[in-house]
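Enquirer: Right, I'll just put the structure down here and ask away after.
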Amino acid sequence: MANSRRGFLKLACASGICSCAGTGFLRAEVSPGDAGQEEDPMPRKWILALLPVLVSETDQVTAGRVLKGAAEAHYEHLKMAEKTSPFRGKLEDFLAYLRAEWGWKIEYVAGSDTIMIDEAKSTCVCPLVRQGVEGDLSILCNCSEGFAERLFSGVVGSPVRAEVVQSVLRGASSCQYRITLTRPA
């Protein structure tokens, strides 16, 4: 049975079935009390059931890749490509925006390949965590890496690598990222 479940998970995740794009669980903009918009608890329960099986039935690298790929659903849901389009090719303007509007602490020397980011918040900003899902959700930090990669690669116009250096879900006081830029040859 473990093999069939493992096969199902790999197939489901590879085909995008478990990316949650169609479940609507990432409805962070809908706040409690919005008329006629009560949250359906099923998608959250589905994710709560999926995460431990994903972690226990796959190796850490595979589980991380699956969650990193799932960032696509959240990125698209928030229409981030549209929101970041004014910053395409303007990395320093984007970093100034993140400092001013998101409150991030950012270390970057113009022309270097590394950006260090501290979200400067003592809570996790993931919509699953904000919706009160409990348990060890540290695997979700891989999703944050995927989100950051999409975010910054769209701004700089080339692939980047994002790494969660520390996170609230892993016991740190804030979430910090290392963004490594790749420059076209």
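The values are calculated or read from the model by the stated rules, or taken from the named source; none is laboratory data. This structure is a prediction, so every number in the text was calculated from the model and none was measured. Cβ: placed from backbone, ideal geometry, glycine included. Neighbour counts: every protein chain shown.
Enquirer: Among (1) under 11 Å from I115 (Cβ atoms); (2) surrounded by 18 or more Cβ atoms within 10 Å (Cβ to Cβ); (3) over 13 Å from the mean Cα position of the chain (by Cα), where does G154 come up short?
Expert: (1)
Enquirer: Please specify each residue of segment 86-122 satisfying the condition of being in a helix (DSSP H, G or I), touching a residue at least 12 places away in the same chain (Cβ under 8 Å) and either touching a helix residue (DSSP H, G or I) at 6+ places or on another chain (Cβ under 8 Å) or crowded, with 16+ Cβ neighbours inside 10 Å (or both). Spell out the reasoning first.
Expert: Taking segment 86-122 and keeping what is in a helix (DSSP H, G or I), we get 86-87, 91-102.
Next cut, touching a residue at least 12 places away in the same chain (Cβ under 8 Å) only: 87, 91-92, 94-95, 98, 102.
Scanning segment 86-122 gives F87, L91, F94, L95, L98.
Enquirer: Can you tell me which residue within segment 111-128, out of those that are modelled with pLDDT under 90 and out of contact with any Leu (no Cβ under 6 Å at 6 or more places or on another chain), is nearest to V55 (Cα to Cα)? Let's see the steps before the verdict.
Expert: Of segment 111-128, the ones modelled with pLDDT under 90 are 111, 123-128.
After this cut, where a residue has to be out of contact with any Leu (no Cβ under 6 Å at 6 or more places or on another chain) as well, the list is 111, 123, 125, 128.
Numbers: G111: 38, T123: 23, V125: 21, L128: 17 Å.
Across segment 111-128, the extreme among qualifying residues is L128.
Enquirer: Now a separate question. Return the total of residues in segment 83-123 being in contact with a Lys or Arg (Cβ under 8 Å, 6 or more places away or on another chain) and at positive phi.
Expert: Matching residues across segment 83-123 total 2.
Enquirer: Does segment 160-176 contain at least one residue that is touching a residue at least 60 places away in the same chain (Cβ under 8 Å), in a loop (DSSP other than H, G, I, E, B) and surrounded by 15 or more Cβ atoms within 10 Å (Cβ to Cβ)?
Expert: Looking for residues that are touching a residue at least 60 places away in the same chain (Cβ under 8 Å), in a loop (DSSP other than H, G, I, E, B) and surrounded by 15 or more Cβ atoms within 10 Å (Cβ to Cβ), one finds none in segment 160-176, hence no.
Enquirer: Give the residues of segment 55-75 that are within 12 Å of G146 (Cβ to Cβ) and either free of Cβ contacts under 8 Å to residues at least 60 places away in the same chain or out of contact with any Ser or Thr (no Cβ under 6 Å at 6 or more places or on another chain) (or both), sorted by residue number. Reasoning before the result, please.
Expert: Initial filter on segment 55-75 (within 12 Å of G146 (Cβ to Cβ)): 64-75.
Across segment 55-75, the qualifying residues are G64, R65, V66, L67, K68, G69, A71, E72, A73, H74, Y75.
Enquirer: So, one more: Filter segment 42-75 for residues that are within 14 Å of the chain's Cα centre (by Cα) and farther than 10 Å from N142 by Cβ and give the result.
Expert: E72, A73, H74, Y75
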